[in-house]
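Comments concern the structure below.
None of the figures in this text is laboratory data; all of them are computed from the coordinates on show. Because the structure is predicted, anything quoted here is derived from the model rather than measured. Positions of Cβ are backbone-derived with ideal geometry, glycine not excepted, and every protein chain shown enters the neighbour counts.
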Amino acid sequence: SVSKPLAGVRLTITAGPTREAIDPVRYISNHSSGKMGFALAQSAAKLGAEVTLIAGPVDLQTPTGVKRLDVESAQEMLEAALANPSDIFIGCAAVADYRVANIAEHKIKKNAQSGAPQLELIENPDILKTIAEQNPAPMCVGFAAETRDVETYAIDKLKRKKLALIIANDVSNSDIGFNSDNNAAVVLSADERVVFEQQSKTSLAHQLAHYIANHFHQNFRR
Ligand code: C5P
């Protein structure tokens, strides 16, 4: 229907940072708040979607009518994503690009003799790219947070990760992006470019959810 364009549509979304253990008490992570992903999950649920929200460690309330799965590492996030097949997949999480190769079983102690420890890092799986390569694959939507050449990098990601849409934002502007309550975006696809002006993340999420729903109906509904 017009008011519930995503009724009966399964939508999985990742949000927040991932946390990559170094030892039992330390980790590598980033400043993602999860706000944009949680707002999108809420908006998609309002449009009738069956939403699974795969959340890294964030301090946010579960949106109403949304199934939430809490994870820590990128590997756990990928497993949860693969275990929850969807019609639309939105990668909103700020996944750590690397993890520690060998997580220490015990707390690493400061040692004057051996000096600073060397951490060996290995690459994490690309969750969004992996989901886009599944058969059948859902309609995949990515985010590109960049500090320069935003649209150039976004188009590259759109192609490389085989996405239907990419939502690009400039995180060099501290009024928007990480931890802020506001955001602005440019949505790019193979043949579209739509600008969403700066507004609250809630209101932007609402507009993006409608845009994603329209794109799904025009290009993916079989
Ligand atoms: O390549 P980059 O990390 O900038 O791409 C960002 C997009 O890819 C976001 O949608 C993010 O959620 C997703 N991503 C992912 N798994 C990764 C890295 C990024 O799903 N390991």
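Helix 35-46: angle to the longest alpha-carbon principal axis of the chain, degrees 0 to 90, nearest 10?
Approximately 40 degrees, to the nearest 10.
Going 7 Å from the Cα of residue 10 toward and past its Cβ, which residues in the range 17-50 have a backbone nitrogen under 15 Å from where you end up?
49-50
Report the FRET efficiency, 1/(1 + (r/R0)^6), for residue 134 and residue 219, where r is their Cβ-Cβ distance and R0 is 22 Å, rounded to 0.05.
E between residue 134 and residue 219, to the nearest 0.05, is 0.80.
How large, in Å, is the range 10-219 by the Kirkwood hydrodynamic radius built from its alpha-carbon pairs?
So the Kirkwood estimate lands at 17.7 Å.
GNM on the chain, C-alpha springs below 10 Å: top fluctuator among 83, 164, 144?
Top of the fluctuation ranking is 83.
Quick one: which of 153-160, 85-92 comes out on top by average Cβ neighbours within 10 Å, and what's the full order, highest first?
Taking the mean over residues of other Cβ atoms within 10 Å, the ranking is 85-92, 153-160.
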